[in-house]
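Here's the structure, in structure tokens; my notes come after.
Derivation of every value follows stated rules applied to the coordinates shown; laboratory data play no part. Since the structure is predicted, the reported quantities are computational estimates derived from the model, not experimental observations. Heads up, the Cβs are rebuilt from the backbone with ideal geometry, glycines too, and the neighbour counts pull from every protein chain shown.
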């Protein structure tokens, strides 16, 4: 948290974007440092003293810290029970304040998203864009498949959400190495976004990290 102390943080002003947290997902405020990963993992019975779970949380947290200048403040990892609670996907949570006029911001981003993005260090093998709407608001979805220099395929799903209730944009950047699980991962993402809202779930890792209990 110290690394982001000088930044605007979404909870400085009000409640934050959050999910109805499923059992197989763990979310937290990025930059916990030290032994924080063990505490975050221990919010699930299957995560207690589980080196694989702790390691996945540390890795995703580091990704979030490195993206802090791009407004990444939260992170999460999917540990599906059907796959032995091993990490199968992760997400960075970013919030951009002062969106301004919602319709203009949406139209501007939709135009930007029509162009294939530039991602450093990888080759983009496919790119698709879609639009949708849930109770939270409208969103633009970008689905990106990339290949790195080692020939590894990485899957990315970027959801940029425009809430009708707040003057901000929320961006969710999901990623996975498991192409054979694409349908399962997309079902998980859909479920998360359909239940996205403002607030903090009592008893969640996020709530504890924010010091709300």
Subject >> Coordinate range along principal axes, alpha carbons of the chain, Å, largest first >> reply: 47, 43, 30
Original post:
Once the principal axes of the Cα atoms of the range 19-93 are found, what is the range along each, listed largest first in whole angstroms?
Top reply: 35, 25, 18
Original post:
Along its principal axes, what span do the Cα atoms of the range 49-149 show, with the longest given first and each in whole Å?
Top reply: 48, 32, 30
**OP:** In nm, give the distance between the simple-model label positions of residue 149 and residue 116, each being 7 Å from the Cα along the Cα-to-Cβ direction.
**Re:** 2.1 nm
Original post:
Given the Cα-Cα distance of residue 62 and residue 198 and 0.36 nm per residue of separation, how much length would full extension add, in nm?
Top reply: 46.5 nm
